[in-house]
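The values are calculated or read from the model by the stated rules, or taken from the named source; none is laboratory data. Since this is a predicted model, take the numbers as computed values, not measurements. Every residue, glycine among them, receives a Cβ derived from its backbone with ideal geometry; neighbour counts consider all protein chains shown. Please note that ligands, DNA and RNA were not included when accessible areas were found on the heavy atoms of the full protein model with its side chains. Shrake-Rupley method; radii C 1.70, N 1.55, O 1.52, S 1.80 Å.
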Amino acid sequence: MKRRWVIAGTTCMALICTGIVVRTERKNRQLAKWAAVYRVRAEQGDAKSQFALGAMYYYGRGVRKDYVEALRWYRKSAEQGEANAEYSLAHLYHDGTGLPRDDSEAITWCRKAAEQGNALAQDALGIIYYRGEGVPPDDAEAVRWYRKSAEQGYPQAQYDLGYMYYYGYGVPQERVEANHLFQQAAARGNEDAKRAIECSRKGISIDPGAGLRGLR
């Protein structure tokens, strides 16, 4: 009897694994089709398709992961003013992915995206000013950009802005406002904010968190 259970269990596991493989292969074929569609449109100059193709190369979805190709398509898109591509290009320059790290270029492209209202770029620009990466540290300027992003509901920016209020960096110290922002971010699943709420409750120091440590 025990042996029959083991065999049945093994058979079920094999069927489950086969199903997963089949679904994965189907998904990969679909992604490859989308990559082909985006490539045609990208080569015709469509900025959104150029960004999408760059993202597929960056993450290796539907195509082989290739940071150099990701860079090439992000740049083509960014040069046409696509904000998502501008931010992605800034991220590559900041991390030195597919090219040498260059804080000046990272700031240039991040600012372009932030000024178009890209919430991730706004938060990232706040991080740049908070850390003084390629610019003099400026807490007030960091707060300005965190606020723009937080007002769009970006949870990491809500946490980052809350952190500034909590310690009074660039703004008057206001822990009620800080905790309000932490609650907003936590409600959207931000782990930094959840930890900050717990630390505040226990009266211990709040860690800067993932946002204030560097770009994502």
Order the following by accessible area, largest value first: K194, K33. Probe radius 1.4 Å; ligands, DNA and RNA are ignored. K33, K194
Given the rule -39500 (n - 2.57) for each run of at least 4 DSSP H residues, summed and divided by the residues of the chain, what is its mean residue ellipticity at 222 nm, to the nearest 500 deg cm²/dmol? -24500 deg cm²/dmol
Give me the log10 of I(q) over I(0) for the stretch 131-216 at q = 0.22 Å⁻¹, as the Debye formula computes it from C-alpha points; what are the numbers? -1.02
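Give, in nm to one decimal, the length gained when the segment between R101 and E43 is fully stretched (0.36 nm per residue of separation minus the Cα-Cα distance).
On the way: separation 58, 0.36 × 58 = 20.88 nm, distance 2.72 nm.
In short, 18.2 nm is gained.
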From the protein chains alone at 1.4 Å, what is the descending order of accessible area for E141, E174, largest first? E174, E141
So what's the net charge close to L92: Lys and Arg +1, Asp and Glu -1, counting the other residues with Cβ under 10 Å from its Cβ? -1
Rounded to 10°, Cα long-axis angle of helix 139-150 versus longest principal axis of the chain: 40
Between D66 and Q116, what FRET efficiency follows from the Cβ-Cβ distance if R0 is 35 Å, with the result rounded to 0.05? 0.85
Heavy-atom accessible area per residue of the chain, all protein chains kept, 1.4 Å probe, expressed in Å², is 55
Excluding same-chain pairs closer than 8 in sequence, count the lysine pairs in the chain whose Cα atoms lie under 25 Å apart. 14
Taking the Cα centre of the chain as the origin, how large is its charge dipole in debye, to the nearest 20, when only Lys and Arg (+1) and Asp and Glu (-1) carry charge on their Cβ atoms? 1680
With all protein chains present, calculate the accessible area of I197 using a 1.4 Å probe and round the result to the nearest 10 Å². 50
